[in-house]
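Structure first, then comments.
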Amino acid sequence: MKNEVWGRVKGHLLEEIGQNNFSNWIEPLELTQIEDGTARFSVPTSFMANWVSRNFSDTILAHLKAANSGASRVSFDVIANRPAPVKEAAGAQTAKAAPAPSRPAEAAPQQRAPLPGAPLDARFTFDNFVVGKPNELAHAAARRVAEGGPVTFNPLFLYGGVGLGKTHLMHAIAHEIQARSPELRVLYLSAEQFMYRFVQALRDKQMIDFKQIFRSVDVLMVDDVQFIAGKDSTQEEFFHTFNALVDQNKQIIISADRAPGEIKDLEDRIKSRLQCGLVVDLHPTDYELRLGVLQTKAENYRAQYPDLVFADGVLEFLAHRITTNVRVLEGALMRLFAFASLVGREITLEMTQECLADILKASERKVTIEEIQRKVAEHYSIRLSDMIGPKRVRSIARPRQVAMYLSKQMTSRSLPEIGRRFGGRDHTTVMHGVKRIEELKSADSQIADDLELLRRMLEA
Ligand code: ADP
Ligand code: MG
C-alpha cells in the first residue's frame, strides 16, 4: 500500500519540482514506513538527507497528506550502504561488486577523503540497459569509455530528451569502471550538485579543498550540465575544473538535454570545449526499443512474482501507446504490476486500459487534419493548396484520399467535418476516398508502406 501511495505522490512531485530536482533528490528516496503519523524515508547520504529535508520536506508532506497517507511528519534516515532494491537481482550483484564512489565515509574504511558525489543507482547497469537503434551509438560510446584504457575522446558528451537513459548510461559507466579498476576515483554528480558544492565551498572559504578534490579525480561525470547555463561563477569554476582534468588526461563525461551548441546562456568557450570530444545523442524511442524495454522489465518483475502473467498483446499495446519516454513506460509497468499483485491475476488488456487510463490519455498524441494534410502533401510532393483545391488528376486526388483516410483513422472528426476541411467536399466524397484507400491498402503494397510511414511520422 505504502508503495502505491508513494508511487502516486512521486508522480505529483515530478510535476511540481521538475525533472532535475526529481531525479536528484526524490528518486533516491525510499519510503520505508508510515507509522504513528511519520513517513520515514531512507536516504543514502547525510548530505542528501539534509538537502532534501531543507528543500523538499514541505512539498513531500503536502502531497503525502493529499494522498491520504496518514502522514503528518516526514523524517529522513541515513542508511549507510543501503542495499539495492531486491527486485532486480542483477543490480544488487553489481552493487556489491562496484561500491558507489560516493559511499559515505562512515560506511567504509577509506584512506582517501570521500568524494562529494551523488549516489549511484545500483539498477543502472549496462546489463539492465536495453539497446536499440535510437541509443546504440550512445551505448557503444559509453561502453568504450567504461572499458578504460587511453582516453580517446574527451569529453564524452551525451545528450537527449528526458527519460531516454542518459543518467542510466552514466551510472553504468561508473559501475563498470569501479568494477574493473577499483583504485580509480570516479566522481558522479549532477550539475546542480556541482553548483551547490561550489557555493558551499565559497561560503565556507574552502575553495582550496574544493579545487583539490575536483582536480584529483580520475573520472568526472557531470549530469544535466544545462543547469549551469546562466550561472556565471559556477560556469567559470566548471570551466577551470574541466580544463585541469583534460590537461591531466582524465576522462570527463557530460550529459545535457540538448547539444552543446544549443544550450542557451552557456559561455562560448565552454560550448566549444564540450564539442571537442565525442558528442552523441539519444534519439526518441522507437517501437522496437520500447517493446524491448518492456519485455526486459516484465521479465524482471516475473522473476519476483512468477504467478503474474501478461496476456498476449499487453506489452505490444503499451509499446504502441506510450511513446513519450522510457521513464513513463517504466512507471506504467510498475503501476500495472502493483495493481496486478494486489488482485493477483493475469494482466489483461482490459485491466491495462483501466489501470493506466490517465497515462494512456496523457500520451495520446492529438493529430490534426491540418498536420495530416501537410505531411501527406510533403510526402507526395504536391502543394498543400492542392489538397483542398478542385484538381482531380490522379497524382493529386490519390494523396488527397490518403489524407482523408488518415484523418478518419487518426482523428475523431466526422466525415462531414473532414469534408469541410478538404475544401468543402461532401461527406460521401470523403467516404468514397476512405473506402478506396482501404481497398488499395491490401492490393497495393506501395500504398500500404506509404500509410505506415505517414502514420509513424504523424504519431512521432
Ligand atoms: P535521463 O537521464 O535521460 O532523463 P534516465 O537515465 O534517468 O533518463 O532513464 C529514465 C528511466 O528509464 C530509468 O529508470 C532508466 O533505467 C530507464 N531507461 C532508460 N533507457 C533505458 C534502456 N535503454 N533500457 C532500460 N532502461 C532504460
Ligand atoms: Mg537524467
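The values are calculated or read from the model by the stated rules, or taken from the named source; none is laboratory data. Please read these numbers as outputs of a predicted model, since none were measured by experiment. Cβ atoms come from the backbone with ideal geometry, glycine included; neighbour counts cover every protein chain shown.
Quick notes on this one:
- Unmet requirement for Q178, which otherwise passes all of (1) more than 16 Å from ligand 1 (Cβ to nearest atom); (2) in a helix (DSSP H, G or I); (3) free of Cβ contacts under 8 Å to residues at least 60 places away in the same chain: (3)
- Of the candidates E288, E364, E316, the single residue that is modelled with pLDDT under 90 and not aliphatic (A, V, I, L, M) is E364.
- Hits in the range 294-305 (condition: assigned to a helix (DSSP H, G or I) and of a type outside the set (V, I, T)): L294, Q295, K297, A298, E299, N300, Y301, R302, A303, Q304
- Some residue of the range 253-264 being in a helix (DSSP H, G or I), in the same structural domain as L158 (by TED's automatic domain parsing), within 19 Å of G117 (Cα to Cα) and touching a residue at least 24 places away in the same chain (Cβ under 8 Å): no
- Looking only at the range 181-213, residues that are of a type in the set (S, T, N, Q) and either in contact (Cβ under 8 Å) with a residue 40 or more places away in the chain or crowded, with 23+ Cβ neighbours inside 10 Å (or both) come to 2 in all.
- Subset tally (residues that are charged (D, E, K, R), assigned to a helix (DSSP H, G or I), surrounded by fewer than 18 Cβ atoms within 10 Å (Cβ to Cβ) and more than 12 Å from ligand 1 (Cβ to nearest atom)) for the range 322-350: 1
- Here I270 does not fit the description of being within 16 Å of ligand 2 (Cβ to nearest atom) and touching a helix residue (DSSP H, G or I) at 6+ places or on another chain (Cβ under 7 Å).
- Condition met for V222 (in contact (Cβ under 8 Å) with a residue 24 or more places away in the chain and not in a loop (DSSP other than H, G, I, E, B)): yes
- The residues on offer are L315, L308, and the sole one that is of a type in the set (A, V, I, L, M), more than 30 Å from G117 (Cα to Cα) and not in a helix (DSSP H, G or I) is L308.
- Candidates D204, D223, D218 - the one that is of a type outside the set (S, T, N, Q), over 20 Å from Q251 (Cβ atoms) and not assigned by TED's automatic domain parsing to the domain that holds L294: D204
- Residue check, L184 more than 26 Å from W51 (Cα to Cα), touching a helix residue (DSSP H, G or I) at 6+ places or on another chain (Cβ under 9 Å) and within 16 Å of ligand 1 (Cβ to nearest atom): no
- Checked against (1) touching a helix residue (DSSP H, G or I) at 6+ places or on another chain (Cβ under 8 Å); (2) among the hydrophobic types (A, V, I, L, M, F, W, C); (3) part of a helix (DSSP H, G or I), I208 passes all but condition (1).
- Residues (within 16 Å of ligand 2 (Cβ to nearest atom) and charged (D, E, K, R)) located in the range 1-34: K10, E27
- Inter-residue pairs, beta-carbon under 9 Å, first assigned by TED's automatic domain parsing to the domain that holds V162 and surrounded by 15 or more Cβ atoms within 10 Å (Cβ to Cβ) and in the range 282-303, second in a helix (DSSP H, G or I) and of a type in the set (S, T, Y), 6+ apart: none
- Inter-residue pairs, beta-carbon under 7 Å, first closer than 18 Å to E147 by Cβ and in the range 164-175, second within 9 Å of ligand 2 (Cβ to nearest atom), 6+ apart: M170/D223; M170/S255
- Once the range 204-261 is narrowed to residues that are under 25 Å from L282 (Cβ atoms), of a type in the set (G, A, S) and at pLDDT below 95, the residue that is nearest to ligand 1 (Cβ to nearest atom) is A259.
- When residues of the range 20-55 are limited to those that are away from ligand 1 (no atom under 16 Å from the Cβ) and within 15 Å of E192 (Cα to Cα), the one surrounded by the fewest Cβ atoms within 10 Å (Cβ to Cβ): N55
- Residues that are surrounded by 23 or more Cβ atoms within 10 Å (Cβ to Cβ) and of a type in the set (V, I, T) were ranked within the range 120-176; the one that is nearest to ligand 2 (Cβ to nearest atom) is T167.
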